[in-house]
């Protein structure tokens, strides 16, 4: 996503300059798991060894990376009238949870998760 947005940045900025502020937006999709990983030591300790980490650590790191990109994009282009918005689409029930086991999946589906259609309402 970062490379794609970087390539589009000149077009995004020129479009934003031709319109009232904050009409041009870049939306960065996050997850609540981005809030579960500590930012302390990520660059020094986690990223150089990411290939040795499990799928969940990799997923968390990717979502945290999206947050970092969103904040950097804001710092760089906010003055040009571009709104950069990181958002959490919500705790959605999806196939992502399949590895937790039947009992745990049932519990979180009943207590934490929402139907995937809710992501469109964010």
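Observations on the structure shown:
- The set of residues in the range 76-95 being surrounded by 14 or more Cβ atoms within 10 Å (Cβ to Cβ) and more than 30 Å from residue 15 (Cβ to Cβ) consists of 91, 92, 93.
- Applying a threshold of 8 Å to beta carbon distances and a minimum spacing of six or more residues, or different chains, the list of pairs starting in the range 98-109 at a residue that is surrounded by 12 or more Cβ atoms within 10 Å (Cβ to Cβ) and ending at one that is assigned to a loop (DSSP other than H, G, I, E, B) reads 109/93.
For (1) under 25 Å from residue 9 (Cα atoms); (2) more than 13 Å from the chain's Cα centre (by Cα); (3) at pLDDT 80 or above; (4) surrounded by 11 or more Cβ atoms within 10 Å (Cβ to Cβ), each residue gets a yes or a no:
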position	(1), (2), (3), (4)
33	no, no, no, yes
40	no, yes, no, no
54	no, yes, yes, no
67	yes, no, yes, yes
74	yes, yes, yes, yes
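The values are calculated or read from the model by the stated rules, or taken from the named source; none is laboratory data. Treat the numbers as computed from the prediction; the structure is a model and nothing was measured. Quick reminder, even Gly has a Cβ in these numbers, built from the backbone with ideal geometry, and neighbours come from all protein chains shown.
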